[in-house]
1. Based on what the data block shows, is E15 within 26 Å of Q187 (Cβ to Cβ) and free of Cβ contacts under 8 Å to residues at least 24 places away in the same chain?
2. Taking S89 as the residue in question, decide whether it is open to solvent by less than 50 Å² (accessible area, probe 1.4 Å), polar (S, T, N, Q), outside any strand (DSSP E or B) and modelled with pLDDT under 95.
3. Scan region 34-45 and report the pairs whose first residue is farther than 18 Å from K76 by Cβ and whose second residue is part of a helix (DSSP H, G or I), with Cβ atoms within less than 9 Å and a gap of 6+ or a chain change.
4. Give region 98-142 a look and list any residue that's polar (S, T, N, Q) and in contact with a Ser or Thr (Cβ under 6 Å, 6 or more places away or on another chain), or say none.
5. Can you pull out every residue in region 97-130 that is of a type in the set (A, V, I, L, M) and either open to solvent by 80 Å² or more (accessible area, probe 1.4 Å) or part of a helix (DSSP H, G or I) (or both)?
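The values are calculated or read from the model by the stated rules, or taken from the named source; none is laboratory data. None of these values were measured; they are calculated from a predicted model. Note that each Cβ is placed from the backbone with ideal geometry, even for glycine, and that neighbours are counted across all protein chains shown. Side chains included, ligands, DNA and RNA excluded: accessible areas come from the protein's heavy atoms. Shrake-Rupley method; radii C 1.70, N 1.55, O 1.52, S 1.80 Å.
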Amino acid sequence: MKLIVISNPVNLNNEHTLLHSLFENGLDYFHLRKPDFTSDEMEKYIQQIPAEYLRKTVIHSHHHLADKYPLKGKHKTSGTISEISMQQSITNNFISTSFHSTDELMAGDYNFEYVFLSPIFDSISKKTYKSTFNKNELKIFLNNYNKKNEIIALGGINQETIPQAIGLGFDGVAMLGAIWNDEQPLQKFKELKNNVILSAAKNLIKQDASLSSE
């Protein structure tokens, strides 16, 4: 069960100190998304990330920096996904991409470590970004998906929706607004992480019980 945090799009006070603490407390992957950053600004940000956590960092822009620093890789935006083939995603170190419908996801032959599907729930960071997914249909889709790419739930991920996302069959969750909109981001991350662990364990027990009754 992957646990991912996407950066606040704007710089925060003591952001690198906080990021270090998130990693120390179990953050799997950090997606560095600063849409207004220049290449130089992005590079300076990367240089402040401790070396041991660079391989857990994925960049959303200025992808050439992934060839200069030992990052986990690159995120391909959904707007340019048609430009990339399955083979390119491997050779060019594109780790992830984003989709906004299951039809989009199924339309191409892609090979990523994981993909974001959003918004699964109404967005926290973008109040007008509402989910249009039918949860029953989504659960059926996820249960029958061939798992070529792990699917990460994005959009509206918080204390209440994490159990729902895991119950639907997602391979992980990505958080943004729930972390950065809180007055104590680190404490909120710890709470959400524990919720992920507990929800995943309960879901596994439920699956085992279902299999045993068949």
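1. Details: within 26 Å of Q187 (Cβ to Cβ): yes; free of Cβ contacts under 8 Å to residues at least 24 places away in the same chain: yes.
In short, yes.
2. Against the criterion (open to solvent by less than 50 Å² (accessible area, probe 1.4 Å), polar (S, T, N, Q), outside any strand (DSSP E or B) and modelled with pLDDT under 95), S89 qualifies.
3. That search, which allows pairs on different chains as well, returns E43/L65; Y45/E15; Y45/H16.
4. S98, N111
5. Taking region 97-130 as the starting set, the residues that turn out to be of a type in the set (A, V, I, L, M) are 105-107, 115, 117, 120, 124.
Listed by number, the residues that qualify are L105, M106, A107.
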